[in-house]
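Chemist: Here it is, the structure in full.
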Amino acid sequence: MAKVLLVLYPDPVNGYPTFPKDYARDTVPALTDYPNGQTLPTPEAIDFTPGELLGSVSGELGLRKYLEAAGHELVVISDKDGADSDFDRELVDADVIISQPFWPAYLTPERIETAKNLKIAITAGIGSDHVDLKAANEHGITVAEVTYSNSLAVAEHTVMQVLVLVRDFVRQHQIAVEGGWNIAEAVERSYDLEGMDVGIFAAGRIGRAVIERLAPFGVHLHYTDRFRLPAEYEEKYNLVFHENIEALVKNIDVLTVHAPLTDETAGLLNAELLSTMRRGAYIVNPARGAIADRDAIVNALESGQLAGYAGDVWAPQPAPADHPWRTMPNNAMTTHTSGTSLPAQAKYAAGTREILEDFFAGRALRPEYLIVEGGTYAGTGAHSYAKQAQPAR
Ligand code: NAD
């Protein structure tokens with residue numbers, strides 16, 4: 001019997017909704033494959049209806065029936081930060097910890113030290129930087145995530161935020177809601193995306209999906225990544241490759257950010273880099289908040305060096321009520337929601353169950369789900385997180 005510790009975001013303040021009567025829609029589209037042919041998660045069964053709220057405490061990622069039938073203990077908590085949190089208390093004898101990046105349970109080296117039984121940390125979603133991967137490696141803990149589960153959801157959110165910034169939607173909507181009709185005021189910061197240079201920082205699953213979704217807008221596409229994309233892909237989207245982010249940002253009007261948070265990417269969007277961008281550039285960062293220097297972004301918006309900043313990721317999470325990104329000028333921030341739409345929750349809940357089924361049966365996990373295993377970076381982790389990255393197979 002294993003103890004599974006599941007850390008989820010709190011339920012809605014008005015209570016957990018009843019399906020389907022409290023939901024906007026009765027169904028979500030049924031999908032089988034991702035664009036690269038990878039199948040959606042293939043657990044033996046699921047005990048939820050896709051479209052239900054699964055990521056909050058009462059949703060339990062739909063795992064309780066399965067885990068208890070198999071004789072395991074499931075503990076679901078939300079209190080994850082500060083001294084004497086439920087997380088600190090419960091992790092000491094947990095065999096499995098599951099957390100979502102939207103409400104990250106930070107598995108620091110100190111916490112890993114106290115989690116003596118921990119064998120696997122599963123990210124229900126994508127992005128395992130809330131786990132100290134070096135410490136996980138040192139302790140032989142497997143880290144796995146549900147690769148691809150919400151990549152396309154994030155790409156949609158990215159495209160939305162690019163348009164929201166460039167066209168200045170937030171201000172225009174506010175004027176409409178407030179009963180105004182001063183068109184001149186509403187358009188004084190409104191531009192067309194058409195013809196702009198758009199740069200993609202990291203062309204992995206999300207970055208490529210953004211490229212493919214933005215191409216029909218008639219933009220000029222640029223990118224950088226540790227690995228150059230195949231020549232035929234570059235030709236198809238008329239992509240300009242740049243050797244590094246420094247070269248990329250000088251040549252673009254809009255930057256979108258899709259790299260994992262690592263030692264190499266932390267703080268990359270700093271004052272110096274921002275000063276080399278075209279005046280009035282826009283940034284959309286749905287990757288990780290700590291890739292950007294918090295105050296440098298605020299200063300660049302205040303000075304007009306940046307015309308807008310958006311994204312859904314903050315450091316730390318949840319962001320404090322007085323985090324300056326909530327109120328800085330020309331921001332279109334959301335809380336961390338892009339990868340936890342209701343359909344995305346169904347995908348990563350099913351993927352979490354698939355990982356658990358394989359883990360408890362002693363079967364190998366899908367390589368694409370692996371970040372670290374057996375004391376080293378593996379699968380997607382070897383490609384996207386390791387210092388010496390390996391090309392994707
Ligand atoms: P991916 O593994 O498919 O792609 C990551 C890409 O980053 C790879 O192509 C890799 O080569 C590149 N890369 C890594 N380090 C780099 C560096 N230093 N310089 C240049 N390129 C680098 O992952 P993905 O599915 O595209 O997701 C990317 C990131 O987006 C995740 O790691 C996560 O942090 C974030 N994410 C956010 C949400 C959200 O809800 N906002 C959801 C999913 C993922």
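The values are calculated or read from the model by the stated rules, or taken from the named source; none is laboratory data. Note that the coordinates shown come from a computational prediction; the quantities given were computed from them, not determined experimentally. Neighbour counts are summed over all protein chains in view; Cβ atoms, including those assigned to glycine, are modelled from backbone coordinates with ideal geometry. Note: accessible area is taken over every heavy atom of the protein model, side chains too, but ligands, DNA and RNA are not part of it. Shrake-Rupley method; radii C 1.70, N 1.55, O 1.52, S 1.80 Å.
Chemist: Quick check: is even one residue across the stretch 257-267 more than 16 Å from the ligand (Cβ to nearest atom) and out of contact with any Lys or Arg (no Cβ under 6 Å at 6 or more places or on another chain)?
Modeler: We begin by selecting, within the stretch 257-267, every residue more than 16 Å from the ligand (Cβ to nearest atom); these are none.
Within the stretch 257-267, not a single residue is more than 16 Å from the ligand (Cβ to nearest atom) and out of contact with any Lys or Arg (no Cβ under 6 Å at 6 or more places or on another chain).
Chemist: Which residues, taken from the stretch 33-51, are modelled with pLDDT of 95 or more, assigned to a loop (DSSP other than H, G, I, E, B) and open to solvent by 40 Å² or more (accessible area, probe 1.4 Å)?
Modeler: Hits for the stretch 33-51 are 42, 44, 45, 46, 47, 49, 50.
Chemist: Which residue out of 310, 321, 287, 315 is of a type outside the set (S, T, N, Q), open to solvent by 20 Å² or more (accessible area, probe 1.4 Å), within 13 Å of the ligand (Cβ to nearest atom) and not assigned by TED's automatic domain parsing to the domain that holds residue 124?
Modeler: On the way: 310 fails: open to solvent by 20 Å² or more (accessible area, probe 1.4 Å); 321 fails: within 13 Å of the ligand (Cβ to nearest atom); 287 fails: open to solvent by 20 Å² or more (accessible area, probe 1.4 Å).
Exactly one of 310, 321, 287, 315 is of a type outside the set (S, T, N, Q), open to solvent by 20 Å² or more (accessible area, probe 1.4 Å), within 13 Å of the ligand (Cβ to nearest atom) and not assigned by TED's automatic domain parsing to the domain that holds residue 124, namely 315.
Chemist: Looking only at the stretch 219-247, how many residues end up being touching a residue at least 40 places away in the same chain (Cβ under 8 Å) and more than 10 Å from the ligand (Cβ to nearest atom)? Give the derivation first.
Modeler: Here is the first cut: in the stretch 219-247, the ones touching a residue at least 40 places away in the same chain (Cβ under 8 Å) are 226-227, 242, 245.
Subset that is more than 10 Å from the ligand (Cβ to nearest atom): 242.
Number satisfying all stated conditions: 1.
Chemist: Which one is nearest to residue 339 (Cα to Cα) among residues in the stretch 99-126 that are of a type in the set (Val, Ile, Thr), within 16 Å of the ligand (Cβ to nearest atom) and open to solvent by less than 20 Å² (accessible area, probe 1.4 Å)? Full working, then the answer.
Modeler: Keep residues of the stretch 99-126 that are of a type in the set (Val, Ile, Thr), which gives 108, 112, 114, 120, 122-123, 126.
Within this subset, residues satisfying the condition of being within 16 Å of the ligand (Cβ to nearest atom) are 122-123, 126.
Still in the running and open to solvent by less than 20 Å² (accessible area, probe 1.4 Å): 122-123.
Numbers: 122: 16, 123: 12 Å.
My answer is 123.
Chemist: Oh, and also: Going by the conditions given, is residue 161 within 27 Å of residue 285 (Cα to Cα), open to solvent by 60 Å² or more (accessible area, probe 1.4 Å) and at pLDDT 95 or above? Write out each step before concluding.
Modeler: Working: within 27 Å of residue 285 (Cα to Cα): yes; open to solvent by 60 Å² or more (accessible area, probe 1.4 Å): no; at pLDDT 95 or above: yes.
No: the conditions fail for residue 161.
Chemist: Here's something else I'd like to know. Does residue 118 qualify as being over 26 Å from residue 204 (Cα atoms) and in the same structural domain as residue 362 (by TED's automatic domain parsing)? Reasoning before the result, please.
Modeler: Values: over 26 Å from residue 204 (Cα atoms): yes; in the same structural domain as residue 362 (by TED's automatic domain parsing): yes.
In short, yes.
Chemist: Just for the stretch 354-393: of the residues that are within 16 Å of the ligand (Cβ to nearest atom) and aromatic (Phe, Trp, Tyr), which one is least open to solvent (accessible area, probe 1.4 Å)?
Modeler: The selected residue is 369.
Chemist: Here's another thing I want to ask about it. Taking the stretch 209-218 as the search range and keeping residues that are in contact (Cβ under 8 Å) with a residue 24 or more places away in the chain and open to solvent by 20 Å² or more (accessible area, probe 1.4 Å), which one is farthest from the ligand (Cβ to nearest atom)?
Modeler: 218
Chemist: Additional query: Please return the ranges of helices (runs of 4 or more DSSP H) entirely within the stretch 156-267 where 3 or more residues are over 19 Å from the mean Cα position of the chain (by Cα).
Modeler: On the way: elements: 169-177, 183-187, 205-214, 231-236, 245-249.
The qualifying helices (runs of 4 or more DSSP H) are 169-177, 183-187, 231-236, 245-249.
Chemist: Condition (residue is of a type in the set (Val, Ile, Thr), in contact with a Leu (Cβ under 8 Å, 6 or more places away or on another chain) and outside the structural domain of residue 345 (by TED's automatic domain parsing)) applied to the stretch 138-160: is it met by at least one residue? Give the derivation first.
Modeler: Of all residues in the stretch 138-160, those of a type in the set (Val, Ile, Thr) come to 141-143, 146-147, 154, 158-159.
Checking the rest, the ones that are also in contact with a Leu (Cβ under 8 Å, 6 or more places away or on another chain) come to 141-143, 159.
Right, trim to outside the structural domain of residue 345 (by TED's automatic domain parsing) and you get 159.
There is at least one residue in the stretch 138-160 that is of a type in the set (Val, Ile, Thr), in contact with a Leu (Cβ under 8 Å, 6 or more places away or on another chain) and outside the structural domain of residue 345 (by TED's automatic domain parsing).
Chemist: A follow-up question, please. Would you call residue 256 surrounded by 15 or more Cβ atoms within 10 Å (Cβ to Cβ), among the β-branched types (Val, Ile, Thr) and in contact (Cβ under 8 Å) with a residue 60 or more places away in the chain?
Modeler: Details: surrounded by 15 or more Cβ atoms within 10 Å (Cβ to Cβ): yes; among the β-branched types (Val, Ile, Thr): yes; in contact (Cβ under 8 Å) with a residue 60 or more places away in the chain: yes.
So residue 256 fits the description; yes.
Chemist: Related question: Are any residues in the stretch 63-93 assigned to a strand (DSSP E or B) and hydrophobic (A, V, I, L, M, F, W, C), and if so, which ones? Don't jump to the end; show me each part of the working.
Modeler: From the stretch 63-93, those assigned to a strand (DSSP E or B) are 73-77; that's our starting set.
Listed by number, the residues that qualify are 74, 75, 76, 77.
Chemist: Okay, next question. Exactly one condition in (1) in the same structural domain as residue 106 (by TED's automatic domain parsing); (2) farther than 28 Å from residue 20 by Cα is false for residue 299; which is it?
Modeler: Of everything listed in (1) in the same structural domain as residue 106 (by TED's automatic domain parsing); (2) farther than 28 Å from residue 20 by Cα, residue 299 misses just condition (1).
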